[in-house]
1. If you filter segment A:52-133 for trypsin sites (Lys or Arg not before Pro), then keep DSSP loop positions with at most 11 other Cβ within 10 Å, what is left?
2. List the GluC sites (Glu not before Pro) within segment B:18-83 that DSSP assigns to loop and that have no more than 14 neighbouring Cβ atoms inside 10 Å.
3. Counting other beta carbons within 10 Å of each residue's own, what order do B:Cys60, B:Cys83 fall into, fewest first?
4. Please compute the contact order of segment A:2-76 in relative form: average sequence separation of alpha-carbon pairs under 8 Å and at least six residues apart, divided by the residue count, as a percent.
5. Which whole-angstrom value gives the distance between the alpha carbon centres of segment A:153-204 and segment A:41-70?
6. Restricting to DSSP loop positions (anything but H, G, I, E, B) with no more than 16 other Cβ atoms inside 10 Å of their own Cβ, which GluC sites (Glu not before Pro) remain in segment A:161-230?
7. Could you tell me whether chain B comes out rounded, prolate or oblate from its Cα gyration tensor? Rule is a ≥ b ≥ c as square roots of the eigenvalues, rounded for a/c under 1.5, then prolate if a/b exceeds b/c, otherwise oblate.
8. Between segment B:131-169 and segment B:45-94, how far is it from one alpha carbon centroid to the other, in angstrom?
Amino acid sequence: MTRVALQPAYVLHGKPYRDTSLLIEAFTPQHGRLGLVARGARAAKSRLRSLLQPFRPLLMSWIGRGDLLTLGAAEEHGAVPVLRGDALLSGFYLNELLLRLLQRHDPHPALFGRYDAALRVLAEYGHQDTGLQCVLRGFERHLLQEIGYGLVLDRDVVTGLPIAAEGVYRYDLERGPVRYAGGDANLVLHGRSLIALAGDALDDAVVLRDAKRLLREALARQLGPQPLRSRELYNELKDGFA
Amino acid sequence: MTDDSLIGQLVAALRCLPGIGPKSAQRMAFHLLERDRPGARRLAQALSVAAERVGHCASCRTLSETELCRLCAASGRDHAQLCVVESPADVYAIERSATYRGLYFVLMGHLSPLDGIGQHEIGLDQLMARLDGGEVGEVILATNSTIEGEATAHYIAEMVRKRGIRATRIAHGVPLGGELEYVDGGTLVHAFVGRREV
């Protein structure tokens, strides 16, 4: 039986368990993604009820070993980023990515920092605009890097030459960018898009569009055939209900 | 060991109630059989009739034994206001407060992107049809103040606004009689964001 006290944590997802309990997936810097049972968290007078919500910075203590741990206590930890509107749906998207791509118990302290920072930036945006997209792309790139599938963005993988801003490249997901010389036009991107993505400086529409295409395909390889539900919901909201 | 006697079956059946474990179920069963046979018959009768006949209101989706529920059929309710809530219990809570005279729409849940609960599961197509009927002038979003409740409210608000209808969200903040010292940080943030001129 291991006892771990007062770790920074975010709830990624919670679902009802038995009459008054909650099963949560949490994300922590030192212990990665964890499955926890929060006993009595759904009881009418439980203080945990309002605390164990996604996007609230917490300190958690737990006991147990193996895949399902028991939550001991949780308390608030610092300012709460308030996500509204589209930013809220984007937050769900980040959570879904973490749930799908992180293995339980793999520590990712840097990614935790990124996640925390991303939520705080999301809290500044009410609607989907370039700033919000920039946060999402940056997070996606770091997530891929953390799980060992980082993108090569600094050089042509055939010639070894640095990426030229004015050049045009085809991105081979197995290897990296190769100077485009006609032929297969899938994932053909501007050199400046790759440079901007590497520097987390996605500042115009072309660059954002390139980054989105590249990251979507790179993520799809890791996610497999099952679609991301938060993305589907977002698209339904934007296109549907004519 | 499974007890397939009639008593055993009754105990097992009672356990479908929320918060009822084997011990409580046994206590209930013995109480009904030892001390309150008429009560047991009434309970059985009421349960079977309700399970058979209670469906959903065609207009607001709440639980109702008639085509239109009591509130939707009532005269004197304001048809221009539509309050969207997550569950029939929420309708009861708001009705108890007696501050609202409009109609309701009950989602029977909330959007939960990560559990695959989307717009169809919570009847948003039906809500849209209702809005297109042209009677509604304001949609009051009274979903829970959870993250999923907020997402649901945002989602519906977008759809409502696209139709040129007013969408409002109920206020969140410090409870009446509450002391700031004991209010959690998240609630205080909402209370400050939603502050108003006095």
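Bear in mind that the values in this text are calculations on the coordinates, not laboratory data. Nothing here was measured: the structure is a model prediction, and the numbers come from that model. Here the Cβ is made from the backbone with ideal geometry for all residues, glycine too, and neighbour counts use every protein chain on show.
1. Qualifying residues, ordered by number: A:Arg65.
2. Values: sites: B:Glu34, B:Glu52, B:Glu65, B:Glu67; in loops: B:Glu65, B:Glu67.
Qualifying residues, ordered by number: B:Glu65, B:Glu67.
3. Numbers: B:Cys60 25, B:Cys83 21.
Starting with the residue having the fewest Cβ neighbours, the order is B:Cys83, B:Cys60.
4. Contact order relative to length: 34 percent.
5. Answer, in whole Å: 44.
6. Details: sites: A:Glu166, A:Glu174, A:Glu217; in loops: A:Glu166, A:Glu174.
Answer in residue order: A:Glu166, A:Glu174.
7. Working: a/c = 2.22, a/b = 1.62, b/c = 1.37.
In terms of gyration-tensor shape, prolate.
8. 19
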